[in-house]
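Each remark here refers to the structure printed beneath this line.
All of the numbers you see were taken from the coordinates with simple rules; none came from a lab. Please read all numbers here as calculations on a predicted model, not as lab measurements. Cβ placement follows ideal geometry from the backbone for every residue including glycine, while neighbour counts extend to all protein chains displayed.
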Amino acid sequence: MARYIELHPQDPQPRRLAQVTEALRDGGLIAYPTDSGYALGARLGSKEALDRIRTIRRLDDKHHFTLMCATLAQAGTFVILDNAAFRLVKSLTPGPYTFIVKATKEVPRMMLQPKKLTVGVRVPDHRVPLALLSELGEPMLTSSLILPGSAETMSEGWVVNDEIGHLVDVVVDAPVASVEPTTVVDLTGGTPEVVRAGAGDTSRFE
């Protein structure tokens with residue numbers, strides 16, 4: 001079973017944060033709260049953890065994995081944004097949005113959409129994942145924790161632990177800001193396209 005670690009939603013305890021990031025550095029898989037429900041997280045390049053996410057969510061190879069970043073600046077090494085896209089993303093981060101963008105060669109190929117070589121990127125508006133990313137010192141591979149047959153992300157740590165605690169290494173318990181998944185916006189075409197309407201406001205794209 002997973003280690004169950006409770007974190008303060010505004011002032012996460014450093015010792016407990018370190019326990020979570022140690023699991024990530026060891027190649028482990030975590031379930032953690034965000035501003036749009038729970039997500040699964042792993043260190044970049046951890047093929048075993050990525051395969052475990054695919055198994056838990058029953059994902060095919062067309063799925064876009066996401067880079068969870070502490071800041072837009074941290075994302076700069078991993079994604080390609082022209083000036084217009086950068087201004088748009090900057091205006092909506094941090095927040096419950098995932099942007100589909102072209103990836104640089106710094107992103108492990110196994111994370112990319114195989115034909116388009118694209119990846120999701122986002123900066124959460126939630127103290128817990130931001131603290132984890134700061135402690136880790138690099139972006140995290142992440143995917144919304146939406147179980148097969150469901151349309152909503154999981155939203156309570158104890159439920160996550162009951163449902164999939166045997167499939168992950170750590171469950172982080174702290175409140176989520178919304179049960180809706182992120183709004184996904186594809187920036188790889190000429191104009192931004194909303195691929196999935198979720199917790200983020202879509203009015204500016206209409």
Using beta carbons and a limit of 7 Å, which pairs, at least six apart or on different chains, have the first residue in segment 184-206 and more than 22 Å from Thr34 (Cβ to Cβ) and the second one loosely packed, with under 15 Cβ neighbours inside 10 Å? Thr188/Lys116
Starting from residues that are among the small types (Gly, Ala, Ser) and part of a loop (DSSP other than H, G, I, E, B), keep the ones in segment 8-67 and report whichever is nearest to Ala131 (Cα to Cα). Ser36
When restricted to Ala131, Ala103, Ala75, the only residue under 26 Å from Gly190 (Cβ atoms) and in contact (Cβ under 8 Å) with a residue 40 or more places away in the chain is Ala75
Among (1) farther than 22 Å from Arg43 by Cα; (2) within 17 Å of the chain's Cα centre (by Cα); (3) of a type in the set (A, V, I, L, M, F, W, C), which single condition is Val159 missing? (2)
Which condition number in (1) surrounded by fewer than 19 Cβ atoms within 10 Å (Cβ to Cβ); (2) over 15 Å from the mean Cα position of the chain (by Cα); (3) within 27 Å of Ala49 (Cα to Cα) is the one that Val179 fails? (2)
Which of the residues that make up segment 112-134 are surrounded by fewer than 21 Cβ atoms within 10 Å (Cβ to Cβ) and more than 19 Å from Val89 (Cβ to Cβ)? Pro114, Lys115, Arg127, Ser134
Kindly indicate which of Val121, Val128 is within 16 Å of Leu7 (Cα to Cα) and hydrophobic (A, V, I, L, M, F, W, C). Val128
Exception for Lys47 within (1) surrounded by 15 or more Cβ atoms within 10 Å (Cβ to Cβ); (2) under 17 Å from the mean Cα position of the chain (by Cα); (3) not acidic (Asp, Glu) falls at (1)
Do you know which of the residues in segment 77-111 that are farther than 23 Å from His63 by Cβ and among the polar types (S, T, N, Q) is surrounded by the most Cβ atoms within 10 Å (Cβ to Cβ)? Ser91
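This table checks each residue for (1) at positive phi; (2) touching a residue at least 24 places away in the same chain (Cβ under 8 Å); (3) in contact with a Ser or Thr (Cβ under 7 Å, 6 or more places away or on another chain); (4) not polar (S, T, N, Q).
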residue: Gln10; (1), (2), (3), (4): no, yes, no, no
residue: Ala31; (1), (2), (3), (4): no, yes, no, yes
residue: Tyr38; (1), (2), (3), (4): no, yes, yes, yes
residue: Ala85; (1), (2), (3), (4): no, yes, no, yes
residue: Lys90; (1), (2), (3), (4): no, no, no, yes
